[in-house]
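A short write-up of the structure that comes next.
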Amino acid sequence: MAAFSATHCRSYSYSHSSSINGGQNQRFSFSSFSRLSVPAKAIRNSHQTVVLMQDGVVATKVTPVEKETPKEKLKDELLSVTSTKEWDEKAGFDSNENESTVSITVVGASGDLAKKKIFPALFALYYEDCLPKHFTIYGYARSKMTDAELRNMVSKTLTCRIDKRENCSEKMDRFLKRCFYHSGQYDSEENFAQLDKKLKKHEGGRVSNRLFYLSIPPNIFVEAVKCASSSASSGNGWTRVIVEKPFGRDSESSAVLTKSLKQYLTEDQIFRIDHYLGKELVENLSVLRFANLIFEPLWTRQYIRNVQIIFSEDFGTEGRGGYFDNYGIIRDIMQNHLLQILALFAMETPVSLDAEDIRNEKVKVLRSMRPLRLEDVVIGQYKSHSKGGVTYPSYTDDKTVPKDSLTPTFAAAALFIDNARWDGVPFLMKAGKALHNKGAEIRVQFRHVPGNLYNRNFGTDLDRATNELVIRVQPDEAIFLKINNKVPGLGMRLDRSNLNLHYAARYSKEIPDAYERLLLDAIEGERRLFIRSDELDAAWALFTPVLKELEEKKIIPESYPYGSRGPVGAHYLAARYNVRWGDLDIEQ
């Protein structure tokens, strides 16, 4: 397989001494796209051997055949250095055959996800020079649309990086010229075959690598994959498919979906995307823990009292209740986003940063989790509420939601990992819509200091004496550690203060969107932040029994006012395990 053209995106460099022909120190640069490849065709001159040098050039070694070559001439010929491009031309190779191209097809291009997230992420990658030299983007959907109409639609959602606005319009124009549209049915092999012809025309005889992003409802995943695989997959490069959640509704439907996809794709071709894994602070979890000596020894039941993973939205379903009502907050947020964060947080040190090593450790965590009991789950549904002269609707006021719906818009759960590191430590999850704020965070509450000399200074509120590490995933990304500190003065008054890493203050560069990171990973074949099938099985095995029990027993969700902190039952659940939700403090 031919390599991508090198880009400076995610590049690494180091100095290295080289003594070729007495040369000086040379600096080599590596990129995640940059790989060296030896031409596949046979070398026509049987007396020449190709030697791949460290700096990416080709040395031609010439073997004498007729008469003795003078010593000086032989020395020059032995190391006559030619660029790879020149060598290809001399050897009679077609340069296109040694280059590759990436064709990215957004299936469901007219949908909201494609318009708001996928196309802007692709443009951001292009803007940062992260995409390979040769790439084409195709939108595919049932809607009738021309290339110009797609470009007009996409252009309305594109923005440029804050720190590089000077070439924005120029880059945008060049990007849009790489975007095309093909209208077709998702279950039509003929339509995908027509797409294939268009892709080949743009690929121009190069090695073709193809990425399909399925931004479509799950009930048509399999048909779209079948048609893409049989009629539009690459003949000489790789073919990969990004699949959006939901990955089924329970263990059974998830297993059926996985089995169906694997009729047409291998596991290595399936990239199950969970965009939360692409968020900067979630990816920083392992760095924070494994690259800082002060944290790893504390990451255990001996020092950690509880862990809270909290997700909240300050708006309701806003007209998309029809989709949400079929899944609910547990399937929509907890079983995937929050559980994946928990697995990353709690996993043992992996053998390496290789994707399989990391995913192996995550699976071990999920398989070690205690079965979730109904009494350790609280569900709620928001009701209408008036505040400041404004009346906010209830969940069932949404016209797309049945009036008697029991679908939870809020859920809290206490989970436990039965292994040596985490035995007895409650992991509390909470997720909800129409709450008092919008955010996502991980809160690690440490145990009280044994025999604390300053207990009398805290009074009865021992929670104020607890150190707490807070990782704010969104918005306004930050990491802060709550410590106890003496207030300056002659007396002995203690205060709770924050050691604060505020990303906006520390780093001037804008944080990339999660979809940018994940799309780039998929293009590069990096699977670390994508979900493997056995991970998915273990996640559904944890939540399926309690989901079925909730639905079979028709458990009525506890009501909570729109814009409140959620149902009272969530506080009782936390109190049962001697925990107070950290996001309820005034100081947060």
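The values are calculated or read from the model by the stated rules, or taken from the named source; none is laboratory data. Just so you know, these numbers come straight off a predicted model, no measurement behind them. Every residue, glycine as well, gets a Cβ built from its backbone with ideal geometry; the counts of neighbours run over all protein chains shown. SASA here: full protein model, heavy atoms, side chains in, ligands and nucleic acids out. Shrake-Rupley method; radii C 1.70, N 1.55, O 1.52, S 1.80 Å.
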Please go through region 242-262 and pick out each residue that is within 28 Å of Lys200 (Cβ to Cβ) and either surrounded by fewer than 18 Cβ atoms within 10 Å (Cβ to Cβ) or in contact with a Ser or Thr (Cβ under 8 Å, 6 or more places away or on another chain) (or both).
Glu244, Ser260, Lys262
Residues satisfying the stated conditions in region 219-236, i.e. closer than 16 Å to Thr258 by Cβ and open to solvent by less than 20 Å² (accessible area, probe 1.4 Å)
Phe221, Ala224, Val225
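It is to be established whether one or more residues within region 204-216 are assigned to a helix (DSSP H, G or I), touching a helix residue (DSSP H, G or I) at 6+ places or on another chain (Cβ under 9 Å) and not aliphatic (A, V, I, L, M).
Applying the first criterion (assigned to a helix (DSSP H, G or I)) to region 204-216 yields none.
Taking every residue of region 204-216 in turn, none turns out to be assigned to a helix (DSSP H, G or I), touching a helix residue (DSSP H, G or I) at 6+ places or on another chain (Cβ under 9 Å) and not aliphatic (A, V, I, L, M).
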Answer yes or no: is there a residue in region 244-263 that is part of a helix (DSSP H, G or I) and farther than 26 Å from Tyr327 by Cα.
no
Does region 390-407 contain any residue that is at pLDDT 95 or above, of a type outside the set (A, V, I, L, M, F, W, C) and touching a strand residue (DSSP E or B) at 6+ places or on another chain (Cβ under 6 Å)?
no
Just give me the residues in region 379-409 being of a type in the set (A, V, I, L, M, F, W, C) and either open to solvent by 20 Å² or more (accessible area, probe 1.4 Å) or not assigned by the TED database to the domain that holds Met347 (or both), in sequence order.
Val390, Leu406
Being in contact with a Cys (Cβ under 6 Å, 6 or more places away or on another chain) and more than 30 Å from Ile304 (Cα to Cα) narrows it down to one residue among Leu550, Leu520; which is it?
Leu520
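Going by the conditions given, is Arg178 assigned by the TED database to the domain that holds Thr136 and either hydrophobic (A, V, I, L, M, F, W, C) or touching a Lys or Arg at 6+ places or on another chain (Cβ under 9 Å) (or both)?
Spelling it out, it is not the case that Arg178 is assigned by the TED database to the domain that holds Thr136 and either hydrophobic (A, V, I, L, M, F, W, C) or touching a Lys or Arg at 6+ places or on another chain (Cβ under 9 Å) (or both).
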Determine which single condition Leu342 fails, assuming it passes every other condition in (1) free of Cβ contacts under 8 Å to residues at least 12 places away in the same chain; (2) within 25 Å of Asp583 (Cα to Cα); (3) part of a helix (DSSP H, G or I); (4) not acidic (Asp, Glu).
(1)
Test each condition in (1) on the phi > 0 side of the Ramachandran plot; (2) modelled with pLDDT of 90 or more for Gly248 and report the one that comes out false.
(2)
Which one of Ile310, Ile341 is open to solvent by less than 20 Å² (accessible area, probe 1.4 Å) and touching a Gly at 6+ places or on another chain (Cβ under 9 Å)?
Ile310
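Considering only residues that are in contact (Cβ under 8 Å) with a residue 60 or more places away in the chain and open to solvent by 40 Å² or more (accessible area, probe 1.4 Å), look in region 263-273 and name the one that is farthest from Phe543 (Cα to Cα). Talk me through it step by step, then tell me what you get.
Applying the first criterion (in contact (Cβ under 8 Å) with a residue 60 or more places away in the chain) to region 263-273 yields 267-268, 270-273.
Filter once more, so that each one left must be open to solvent by 40 Å² or more (accessible area, probe 1.4 Å): 267-268.
Values: Glu267: 23, Asp268: 26 Å.
The selected residue is Asp268.
Could you pull out every one of the helices (runs of 4 or more DSSP H) wholly within region 476-574 that has 1 or more residues that are modelled with pLDDT of 85 or more, under 30 Å from Ser254 (Cβ atoms) and open to solvent by less than 20 Å² (accessible area, probe 1.4 Å)?
Numbers: elements: 503-506, 514-524, 533-552.
The qualifying helices (runs of 4 or more DSSP H) are 514-524, 533-552.
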Filter region 357-378 for residues that are part of a helix (DSSP H, G or I) and basic (Lys, Arg); the one that is most open to solvent (accessible area, probe 1.4 Å) is Arg367
